Every structure is written in structure tokens, then in C-alpha cells.
Amino acid sequence: MIHVMIADDEPLILKNLQGIIDWESLGCKVVATAGNGLDALETLRSQHIDLLLTDISMPGMTGVEVLKEINTWEDRPLAILLSGYDEFTYAREGLKYSALDYFLKPIDYEELETCIQGAVKTIHQHRKEAYDRERQRIYDQVVAGAEPAFESDFYAALMIRHGEEKVDQWVQQKPYQLYVYVLDANLTLALIKGAERETVEQLTHQLALDGSQQFKETRWIATDAETGPGAARKAAEEAKRLLKYTSLTDAPVITAALVTDTYAAKENAFEAIDKATVHVKAHFKEDLSIEEVAEHAGISVSYFSQLFKQKHQMTFLEYVRAERIEHACMLLRTSTLETYRIAEIVGYTDQRYFSQVFRKKMNMTPSQYRKAHSG
């Protein structure tokens, strides 16, 4: 929606401009009016206006003086001047300060509406160009690692893990200030920008909630808002941090609050599984028991068994066996040791049992494997 302000010291002109022009069909909304230049300038300073229709001759400050005052603003509105017959010189001066056009009174409303249509197209084009620049800037910062800039706005991130659904297209259609990046076939990142922390956080969390109902098999990671240097990057990094919790919960929407309140203990346990994995890799040749390794990790055997399988997609015993066979394969390829010696080195005292385990895992005997991988 394009925000319009009308400034004119004649109440009848203000009324006619609001009522005769079909603003809604043009995608516009008159959000402010002013009866003099000073009030118009104050409104321009306090709220975002896309299109300004202003009379030239107003008390306190003329329309041209308003345009001169805002001419250096980076985000100034497009302006259309309304002029009396004896004010053409002032109208020409207004065009110097980036006025789009001017109309003499009495106003031809059909011509004015045609001019507004052109202004609307220009505003949309400017918005697209600004969006593309901002999207590239955020990409350079978040994905390509460019030096972070100071952000005056708040950013929150939405990380989406999905299947074949076109989630990025669904997100992109939302009427928020969104920057969407498809990271890979199953992972999409959206950055939501807003001037207020609470607003942008609510939008992010609501979008995640709506999406979880629309796409049943999709996981949504919604962050709180960040601001300051590298705000977009910080929000994206927080989303990546929360992404690992998708393996620890079935909740469709994951937030920092959910992790803090419910899964803080699991985070510690997850780190304990990493510690246990390192221990297994260092001692797989020994007679390891799940009880021993769970004790080393500092968690119960049943909880350890559950988390270990979540982490590695196999049981503890299957993992130990895989480590042993992987090491045996390396020895078969790179040494001339006899099979029984390799069996002993990787933790098997019975050569026949080792051969059975090896064949089940590799679909060939140790000797067949060695022959297949010899010189």
C-alpha cells in the first residue's frame, strides 16, 4: 500500500482530493493531511509518506519550501504540486526540487489521476530497486561473510527445513519486508525486517506457526529480533544454532524460548554424546560396554542409548562394530597382516566371528576384500 499525504490550506480542495480520486483502486491510502507547510513538514518527519500532493501557496511555509527542506532526504516522497495560475514561476522552482509534476487550479481530476498512476509505478519501481539492493547486501553479509554494517532496524530469522514443498514461494508471498534465500534443496532462510523489536518478533513467530499448519512435514526455526552491527547475520547464526534441535524434539516450531525452557538439559546430553563418540573412536579396539561409555558421558544408560541412536542413526553396538570394520578395511588395504592378527587388533578374539561380522557388513569375506583392493 502506498501512503499518501495531501497538504492544502483550502478545506474544500482537501476534501475533493480525498473523495474524488479513487485512491483504493490505485493501491494508495491517504494517511495524513495538512493545512499548512509547517504541519506538512512535521508529518513528513514523523511518519513514512510515499506520495505528497501539496499546494504551493500555504501559510507558514510554501509547498516549494517543504520540497526544498526534504530534498536531501534519502527516503523522500515523490511530490505533485498544485498551483494557481499566477504561481507558475514557483511551480518551476518546485520541479527543481524533484517534484514529479504540477497541476493548475481548478484541478482536472482525470489528468491528476493519470499522473498519480505514473507516480505509483515509479514508487513500485523504486521499492523493487531498494529491495534488490538490500537483499544483495544481506546476502553478502549472511552468506558470503562480508563485513557487517550497523543496522538501525530489527531483523529476525526464520530457518525452514522442508521436503519438496515450495516453502520459499509461500513465504515470499507474505506482506512483510522479507528477504528469502534458498540455501539448498531442503533448507530455506528468511530474514524479516522491521522498525520495532516486538513487531518483527511477532511476525516471525506467527509466520512459523502458520507455516507449520500449512506444511505438516516441515520444521520452522524462528528467532527473536536482533539489532545493531551485523543484526541480519546474528539472526541467521541464531537460526543455525537452533537448527540442531530438530533432532531432539518433534515440535514443528522451534524457538529460543522452547530450547531454554524445555531442551536445555538435552543440549548438555547432546554434548555428552559427542564426548562419548570421541571416547568410542579412541577405544573401539577394547571390550567396550554401553554401561561404561554412558558412565563416561555422565548420563543414564537408557537415555544414552536413545540419544546415541538419534545422533548416529544406529545403535551403540552397531556404531562400535562399524568403527572396527572400518579400521579392519584400512589394515586389509594397507598391510600384509594375517586376518587373525587384524581381527585381534580391531577387538575380536575369535577370527571366525570377525569374518562373519565383516561379511555381513561388507558383503564379502576379509580375503575377498583384500584381493579386490590389492595393487
Residues (part of a strand (DSSP E or B), within 12 Å of the chain's Cα centre (by Cα) and among the polar types (S, T, N, Q)) located in segment 188-228 = THR188
Residues ASP287, ASP250: which one is under 30 Å from GLN202 (Cβ atoms) and among the acidic types (Asp, Glu)?
-> ASP250
When (1) part of a loop (DSSP other than H, G, I, E, B); (2) without any contact (Cβ under 8 Å) to a residue 40 or more places away in the chain; (3) over 15 Å from the mean Cα position of the chain (by Cα) are applied to GLY118, the one that fails is (1)
Tally of residues being open to solvent by 30 Å² or more (accessible area, probe 1.4 Å), under 30 Å from GLN141 (Cα atoms) and aliphatic (A, V, I, L, M) across segment 237-268 = 4
Taking GLU271 as the residue in question, decide whether it is open to solvent by 60 Å² or more (accessible area, probe 1.4 Å), out of contact with any Ser or Thr (no Cβ under 8 Å at 6 or more places or on another chain) and over 29 Å from PHE354 (Cβ atoms).
-> yes
Candidates VAL171, VAL180, filtered to the one that is in a strand (DSSP E or B), modelled with pLDDT under 90 and either touching a Ser or Thr at 6+ places or on another chain (Cβ under 6 Å) or aliphatic (A, V, I, L, M) (or both) = VAL180
State which residue is most open to solvent (accessible area, probe 1.4 Å) when the search covers only segment 139-167 and only residues that are in a strand (DSSP E or B) and among the small types (Gly, Ala, Ser).
-> SER152
Could you please let me know if GLU238 is touching a residue at least 40 places away in the same chain (Cβ under 8 Å), of a type outside the set (Lys, Arg) and within 24 Å of GLY347 (Cα to Cα)?
-> no
Single residue of GLN173, GLN136, GLN125 found to be closer than 15 Å to GLY211 by Cα, open to solvent by 30 Å² or more (accessible area, probe 1.4 Å) and out of contact with any His (no Cβ under 6 Å at 6 or more places or on another chain) | GLN173
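The values are calculated or read from the model by the stated rules, or taken from the named source; none is laboratory data. Everything quoted here is computed from the prediction, not taken from an experiment. Counting neighbours? That spans all protein chains shown, and the Cβs are built from the backbone with ideal geometry, glycine included. Surface accessibility is based on the protein's heavy atoms, side chains included, excluding ligands, DNA and RNA. Shrake-Rupley method; radii C 1.70, N 1.55, O 1.52, S 1.80 Å.
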